[in-house]
Each structure stands twice: as structure tokens, then as C-alpha cells.
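Scroll down for the structure; my scribbles are underneath it.
The values are calculated or read from the model by the stated rules, or taken from the named source; none is laboratory data. Given the structure is predicted, the values throughout are model-derived calculations rather than measurements. Note that each Cβ is placed from the backbone with ideal geometry, even for glycine, and that neighbours are counted across all protein chains shown.
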Amino acid sequence: MSIKKFLLFNLFFFSPMFSMITFAGQQDRIFIYRNTSLLKLRVPLTEKYVLPLDNNEYVVFVEKADHYKIEKSTLDDLEFNLIGTNEMFAKRFDMANTKILSKKPPILKISNKIYYFDINTGFWYETDEKNLDILLNSKKLVAKNIEGDILITKPLEWDLFYDLKSNGDLYLTYLIRGKTNKSVDALLIDGELDFDVEEPLEDVYQDVIVNYSKSMEQLPERKYTPEIISETAVIDIGEIQPFNGNFEKVIKVGTIKEMKDIPTLDLHFYTSSFENRFLEIYRVFENSKENGVGVPLISGDVRIYENKNNEEFLRQTTNLPKTNVGEICKIDLGQGWSVSADLNITHSYKSETYISRSFEINLTNDDDKEKEILISFYTYETSIDLLKYETDLEVTEKKIFKDRIEFYLKIKDSGVLNISLRSNK
């Protein structure tokens with residue numbers, strides 16, 4: 001499903017379910033993508049409707065209206081009281097208690113009132129704080145006999161990062177950047193919105209209803225953790241308050257009961273011989289409820305902490321890969337300095353249907369402790385078969401997949417793994 005169809009499907013057909021489950025009693029909702037966001041407003045039947053818009057906000061959908069258009073905002077859109085000239089304004093108010101909201105045009109706030117200067121008349125005017133949007137924004141949506149949903153793009157985007165503590169505690173921080181002037185319930189969607197804001201959406205909406213009306217999925221009542229809908233991660237972040245800048249929400253994903261750092265040698269089937277290559281270190285854990293997690297993990301930066309002398313410190317920042325429930329999460333910690341490998345290609349044969357290769361891997365452990373290591377071979381787009389292997393190391397586990405073969409080994413000082421593989425064309 002394209003991101004556009006996913007968006008429209010959930011905004012229109014799926015939204016009654018969201019109303020019942022995650023947005024009870026709320027009409028306004030914001031759908032925040034990685035690169036922008038859409039605010040969904042529900043408007044009752046209104047004969048004349050005026051909505052101030054920021055310069056970087058665009059109306060992309062109006063469900064029902066006799067007609068609507070985007071106009072430039074004017075002072076006629078608000079109620080005001082005349083104050084007078086600059087001299088009259090200065091005599092009446094104490095400028096020490098004044099907050100400057102804008103220099104062009106001049107807009108001030110004193111107590112709970114807004115004061116603005118009209119360069120055309122040369123006078124100052126007073127209005128209520130609720131009219132500030134009209135003064136600061138340069139355009140507005142004007143509609144006649146409007147009813148139903150309106151979709152408006154807003155300058156909001158989001159990202160995330162993790163903190164993995166030394167005791168296994170895994171924290172997730174959602175970071176929303178941008179501006180919103182009102183409290184709204186928000187959904188974070190792990191994707192980018194790619195349609196043109198000038199493109200009409202009604203026809204696409206109708207296609208979505210026809211194609212997906214029979215494939216709705218229930219969204220569980222679980223806030224702040226990702227749910228997978230049509231292969232896209234969606235997070236119910238709840239209500240966000242007005243802000244201009246950054247908004248953060250921190251949750252504890254869980255406490256990982258068992259994780260380990262494994263020196264790993266990942267080898268492509270067509271790799272060449274090499275000498276003295278140190279193995280990469282991966283922090284590995286199972287993403288399951290039994291292991292203390294059990295929620296979909298979205299890819300993002302992760303800060304790794306360690307404990308030394310009862311003091312926790314930041315070791316490094318790396319990436320936590322996308323990991324579904326039931327999968328093994330592998331966090332790359334970078335190159336290790338204790339286990340190294342030499343690789344020799346001892347045999348290679350190519351036929352019309354397959355290619356076979358034999359590898360000799362000489363391993364050395366410079367640490368005084370026994371290490372568990374992982375040696376894996378993989379291919380792209382083709383399958384791989386294990387023909388035979390021989391080793392003087394202890395094999396603790398062997399995993400065979402369609403495009404990958406993994407050997408978990410224990411090494412004290414040194415050892416050799418000889419392995420023959422076949423890649424089918």
C-alpha cells in the first residue's frame with residue numbers, strides 16, 4: 001500500500017475506530033509523519049467559516065462546502081478598539097511591561113491584550129489575545145456552508161532515539177519538532193508524506209474506500225508503543241500541548257533480561273581473501289515479552305551506557321535496527337580488538353545452475369577469556385546451501401536460512417573453521 005493510500009485509508013475510513021479507541025471525545029487529530037504532518041479538523045455545518053493559516057500551512061482536503069478559497073488575512077477579520085497615535089499609546093501604557101511579539105508588523109502584548117500598529121492609518125489598535133493568529137498569519141481559509149473534515153498540512157515532523165542502560169532498561173524518546181497553537185491528539189506515522197499539496201485527493205480517497213473497506217485492522221489500546229498497520233508503524237502519542245520548538249515524550253520500553261556482546265564476522269558468499277580482520281561487536285537480544293521487551297522496535301539512534309565502579313556513563317551512540325517482535329535485535333557496537341580472522345578461498349566452482357566455494361577461516365582470540373563468536377555467510381537475491389563444514393572449535397549453535405548460514409562458536413586461543421557452500425542461481 002502506498003503511503004498516500006495508507007494515509008487516506010486511515011484518515012477517512014479508519015478514523016471512526018480511532019475515535020472509539022484512542023481519541024474518545026476528541027474531534028481534532030494530527031497525523032505526524034517523518035517530514036511533515038496533517039491536521040484533521042471536524043467542522044459542524046457553518047454558513048461562513050474562516051480559519052487563519054500560517055504561511056507554511058496548506059489546505060489539502062475539504063470534505064463538503066458550497067465553495068472555499070484561500071485569501072490574504074486583513075484587519076477586517078477581527079474586532080478591535082482604536083488606541084491612537086504613537087504618542088497617545090506611549091502615554092497610556094507602561095512599556096516596561098510590554099512583550100514584543102512581532103516587529104514587522106509591530107505587535108505587542110500587555111497583560112492579556114494584544115496591540116498592533118497599522119502603517120496605513122498610523123494608529124495603534126487593541127484586540128483580544130484570541131485574535132493573535134489573524135495578526136501573525138498572512139492567509140486564511142474562507143468557506144461557505146462547510147461541513148465535515150478538513151485536512152491541513154502543518155510544519156511538524158518527528159524522530160526518535162533510544163537509551164539502553166547497563167542494567168538492560170530500554171527507554172524510548174519521541175521528539176516532535178515544529179509548532180502547534182492548540183492541544184491536539186497525535187498519531188506518529190513512520191513514513192514520509194509524498195503527495196503534492198496542490199493535488200486534489202477526492203479521487204484517491206474513493207479508490208481507497210473501494211480497495212480497502214474489507215481489510216480494516218483493530219488497533220489495540222496501547223499508547224506510546226508502535227503498532228503495525230498495513231506494514232507501517234503507528235504510535236498513539238496522546239495529547240500534545242501547544243509548543244513552538246521541540247516536544248518530547250519519554251517511555252520505558254522494558255528491561256532486557258538477557259543480552260550479550262558477540263564478536264561477529266559477516267561474510268558475503270563472494271567475499272575475497274583477507275588477513276588479520278578484527279571482528280565487529282554486536283549487542284544481541286531477543287525482542288520478546290519473555291525477554292522483557294515484546295514490542296515492535298523502530299530503527300533509530302541508541303545511546304549505550306555502561307557501569308564502572310558503580311557509576312554509569314555514556315559509552316557510545318550507534319543505531320538500533322528495526323526489529324519486529326520475535327526477532328533478534330543486533331546493535332552494532334563497532335570493531336572489537338580481541339578476536340581476529342584470516343580468510344582463504346580454498347576452492348571455487350561455477351556451473352550453469354550454481355556456484356560452490358570453500359572457505360578456510362583462521363581465528364585468533366587475544367583475550368584471556370573464552371569468547372562466543374558468530375560467523376555468518378549471506379547472499380542477496382539467491383539461496384545458499386551448506387555442503388559441509390569442519391572445525392576444531394565448539395559449535396554451540398548452527399542456524400540455516402534461505403539466504404544466510406550462521407555458526408555460533410566458542411574460542412579460547414585459536415581455531416579453524418572450514419566450510420563449503422553453494423549459491424543457487
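Which strands (runs of 3 or more DSSP E) does the stretch 92-183 wholly contain that include 3 or more residues that are surrounded by 19 or more Cβ atoms within 10 Å (Cβ to Cβ)?
Answer list for the stretch 92-183: 113-118, 123-128, 139-154, 156-164, 169-180.
Given the criterion surrounded by fewer than 17 Cβ atoms within 10 Å (Cβ to Cβ) and either modelled with pLDDT of 95 or more or part of a strand (DSSP E or B) (or both), identify the matching residue among N291, N276.
N276
So, K130, is that one basic (K, R), out of contact with any Cys (no Cβ under 8 Å at 6 or more places or on another chain) and at pLDDT 80 or above or not?
It is false that K130 is basic (K, R), out of contact with any Cys (no Cβ under 8 Å at 6 or more places or on another chain) and at pLDDT 80 or above.
Condition first: among the hydroxyl-bearing types (S, T, Y) and free of Cβ contacts under 8 Å to residues at least 40 places away in the same chain. Now tell me which residues in the stretch 344-370 satisfy that.
Within the stretch 344-370, S348, Y349, S351 qualify.
Would you check if E360 is over 28 Å from M259 (Cβ atoms) and among the acidic types (D, E)? Explain how you work it out, then say what you get.
On the way: over 28 Å from M259 (Cβ atoms): yes; among the acidic types (D, E): yes.
Here the answer is yes, as E360 does meet what is asked.
Does any residue of the stretch 235-244 turn out to be over 14 Å from the mean Cα position of the chain (by Cα) and buried (at least 18 other Cβ atoms within 10 Å of the Cβ)? Lay out the reasoning, then the answer.
Step one: filter the stretch 235-244 for residues over 14 Å from the mean Cα position of the chain (by Cα), giving 238-244.
Among the residues that remain, those that are also buried (at least 18 other Cβ atoms within 10 Å of the Cβ) are: 240.
Yes: one or more hits.
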